[in-house]
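What follows is a short report on a single structure.
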Amino acid sequence: MLSGKIAVITGGSRGIGAAVADKFAQAGADIAVISSGSGELAREVCGICSERYGVKALPYRCDVADFEAVGSTVAKIKEDFGTIHILVNNAGITKDGLIATMKERDFDAVISTNLKGAFNMIRHCSPVFIRNKYGRIINVGSVAGLMGNAGQANYAASKAGIIGLTKSVARELASKNVTCNAIAPGFIRTDMTADIDESGPLLASIPLRRMGAPGDVASLAVFLASGGADYITGEVIRVDGGLAM
């Protein structure tokens, strides 16, 4: 399905990002996994993908909030793989707190990683897509960007920004055969949601009465990167068990 394609995945060392890397490799794509934290985890993801599916998979350490570092990393990926066809902007952090007491640095940090990080990656990858006259950009947002969420003004703002960024990029690059779509996950079982009690009242707010798995998001990402989604751009697709409908 994705054989011959080169995919770049940010925040790819664990959770949703690691699941996306696995699904893309399973579909035949060579993958570049970007992480800002443990290089060991990223190497492990790449090792599994290479051994299990026989694809080329390389890890890169980069803080996506750093414009210059992103430029250098994208240049290194181009050198190592030859080109880039697919970009998945998944890197994200949370620093929750009520708006009345939220620290400025916590607001800035979340916006810088979650929103500016996506801009940085798109900015440096888009010239490659334009030259190739082909590109698939998938931004991982959140239902928090659609609904808001108490205690997450910074996170919800960053994910709402992802929606506007997605639609603007989709309009700008459509004539170059570059699509840009967003996925808005709900409650997905990852390290970020590890403290949530699935047997508590949360389930009552989800029509399907359960949390999702990283693979649920990854499967949609593969579809959006495939030929079956060539006529889809500027969309925000929820993977939330019906939470935000």
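The values are calculated or read from the model by the stated rules, or taken from the named source; none is laboratory data. These numbers were taken from a predicted model, which means no experiment stands behind them. Quick reminder, even Gly has a Cβ in these numbers, built from the backbone with ideal geometry, and neighbours come from all protein chains shown.
Brief remarks follow.
- Residue match in the stretch 116-131 (condition: surrounded by fewer than 17 Cβ atoms within 10 Å (Cβ to Cβ), over 30 Å from Ile232 (Cβ atoms) and of a type outside the set (Phe, Trp, Tyr)): no
- Residue within the stretch 152-162 that is within 22 Å of Ser3 (Cα to Cα) and touching a residue at least 40 places away in the same chain (Cβ under 8 Å) present: no
- Of all residues making up the stretch 196-217, the number that are modelled with pLDDT under 75 and under 17 Å from Ile16 (Cβ atoms): 1
- Among the residues of the stretch 13-30, those that are small (Gly, Ala, Ser), over 17 Å from Asp216 (Cβ atoms) and in contact with a strand residue (DSSP E or B) (Cβ under 7 Å, 6 or more places away or on another chain) comprise Ser13, Ala25, Ala29.
- Scan the stretch 76-97 for residues that are in a helix (DSSP H, G or I) and without any contact (Cβ under 8 Å) to a residue 24 or more places away in the chain and the total you get is 2.
- Exclusive hit being in contact (Cβ under 8 Å) with a residue 40 or more places away in the chain, of a type in the set (Lys, Arg) and touching a strand residue (DSSP E or B) at 6+ places or on another chain (Cβ under 7 Å), set Lys5, Lys56: Lys5
- Residues of the stretch 156-185 classified as part of a helix (DSSP H, G or I) and either in contact with a strand residue (DSSP E or B) (Cβ under 7 Å, 6 or more places away or on another chain) or surrounded by fewer than 24 Cβ atoms within 10 Å (Cβ to Cβ) (or both), total: 19
- Some residue of the stretch 148-160 being under 22 Å from Ala221 (Cα atoms) and not small (Gly, Ala, Ser): yes
- Every condition in (1) buried (at least 23 other Cβ atoms within 10 Å of the Cβ); (2) part of a helix (DSSP H, G or I); (3) of a type outside the set (S, T, N, Q) holds for Ala109 except the one numbered (1).
- Any hit, the stretch 62-73, residues being of a type in the set (D, E, K, R) and either touching a residue at least 60 places away in the same chain (Cβ under 8 Å) or surrounded by 14 or more Cβ atoms within 10 Å (Cβ to Cβ) (or both): yes
- Residue identified as of a type outside the set (D, E, K, R) and more than 23 Å from Gly227 (Cα to Cα) among Gly15, Gly4: Gly15
- Contacts under 7 angstrom Cβ, first residue in the stretch 127-138 being under 18 Å from Ala182 (Cα atoms), partner among the basic types (Lys, Arg), 6 or more apart: Phe129/Lys176
- When Asp191, Asp240 are checked against the criterion of being crowded, with 20+ Cβ neighbours inside 10 Å, more than 15 Å from the chain's Cα centre (by Cα) and charged (D, E, K, R), Asp240 stands alone in meeting it.
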